[in-house]
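No lab work stands behind these numbers, since they all come straight from the coordinates. Not measured: the values here are computed from a predicted model. Every residue, glycine as well, gets a Cβ built from its backbone with ideal geometry; the counts of neighbours run over all protein chains shown.
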Amino acid sequence: MAMGDGEPREPLQIWGRLSSINVRKVVWCAQELGLAFQRTDAGGRFGVVQTPAYRELNPNALVPTIEADDSDAAGGRFRLWESNVIVRYLSARHSPGDLCPGPLPARFDAERWMDWQQTTLNPAGRTAFMQWIRTPAERRDSQAIAASVAATEALMALLDDQLSRRPFLVGERLTMADFPIACEVHRWINLPQPRTERPHLDRWYAAMQARPSSRGVLDLARPHS
Ligand SMILES: N[C@@H](CCC(=O)N[C@@H](CS)C(=O)NCC(=O)O)C(=O)O
């Protein structure tokens, strides 16, 4: 690490609306790390993402995007998009050996859960989310919702089992993996549908909600991305 005291000279810049699950992960991680940051609303009703200036930052025209001081980067500033990669970067840069575990088995255990959130858990629940939140009641497809709920509940049961044997997702301490999974659980349990009580998952999620760093994220009552 070639950053002196490791603290950014300029505040971390975060672009993205808080109604996006992917932005919430990044904001919570930055808050957990105690980083000074400036967040600019972008995406959804805020627009911004289609402007040439934003597309320069993120050619996908999606949120979140960050820009951080990093003396290892060309010009001393580092731009990054992809929410879980941003969480990995901030954790590795500011909390190596802790939020980003040092030993490779522990680190890749965390990496594995982060990829699982993006590639398995999020797609499973996406239809239910889109139907409940983005589709007018008269056009909702109850069979599609039921299939999405069944797929997601099976994954929630898997998480409950994982958390029956350890306090946090990958062991005894909070790691970078807990942010994306807890944000996904937050979105899921706020959908207007019955929820299954899962004692281990619920215990872990309550602990995540009790962290001061999760304020403004896990306490959003309508976390709609
Ligand atoms: N894989 C990307 C997905 C980013 C993404 O799909 N962001 C959504 C919000 S959750 C977005 O930008 N939608 C367009 C918009 O908000 O205008 C990531 O994790 O960062």
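Points worth noting:
- Members of the stretch 43-64 found to be assigned to a loop (DSSP other than H, G, I, E, B) and surrounded by 20 or more Cβ atoms within 10 Å (Cβ to Cβ), listed by number: GLY43, VAL49, ASN58, VAL63, PRO64
- Every listed requirement among (1) in contact with a Lys or Arg (Cβ under 8 Å, 6 or more places away or on another chain); (2) within 14 Å of the ligand (Cβ to nearest atom); (3) assigned to a strand (DSSP E or B) is met by GLU67 save one, (2).
- Within the stretch 151-173, being surrounded by 14 or more Cβ atoms within 10 Å (Cβ to Cβ) and hydroxyl-bearing (Ser, Thr, Tyr) holds for one residue alone: THR152.
Residue-by-condition table, conditions (1) surrounded by fewer than 16 Cβ atoms within 10 Å (Cβ to Cβ); (2) under 17 Å from VAL23 (Cβ atoms):
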site	(1), (2)
THR127	no, no
ALA146	yes, no
VAL149	no, no
PRO180	no, yes
HIS200	no, no
TYR205	no, no
ALA221	yes, yes
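- Search result, residues across the stretch 148-199 that are in a helix (DSSP H, G or I), charged (D, E, K, R) and farther than 20 Å from ILE133 by Cα: ASP160, ASP161, ASP178
- Filtering the stretch 15-42 to residues that are assigned to a loop (DSSP other than H, G, I, E, B), within 14 Å of the ligand (Cβ to nearest atom) and among the aliphatic types (A, V, I, L, M) leaves LEU18, ALA42.
- Residues in the stretch 71-117 that are away from the ligand (no atom under 15 Å from the Cβ), among the hydrophobic types (A, V, I, L, M, F, W, C) and closer than 14 Å to ASP178 by Cα: LEU99, CYS100, ALA106, PHE108, ALA110.
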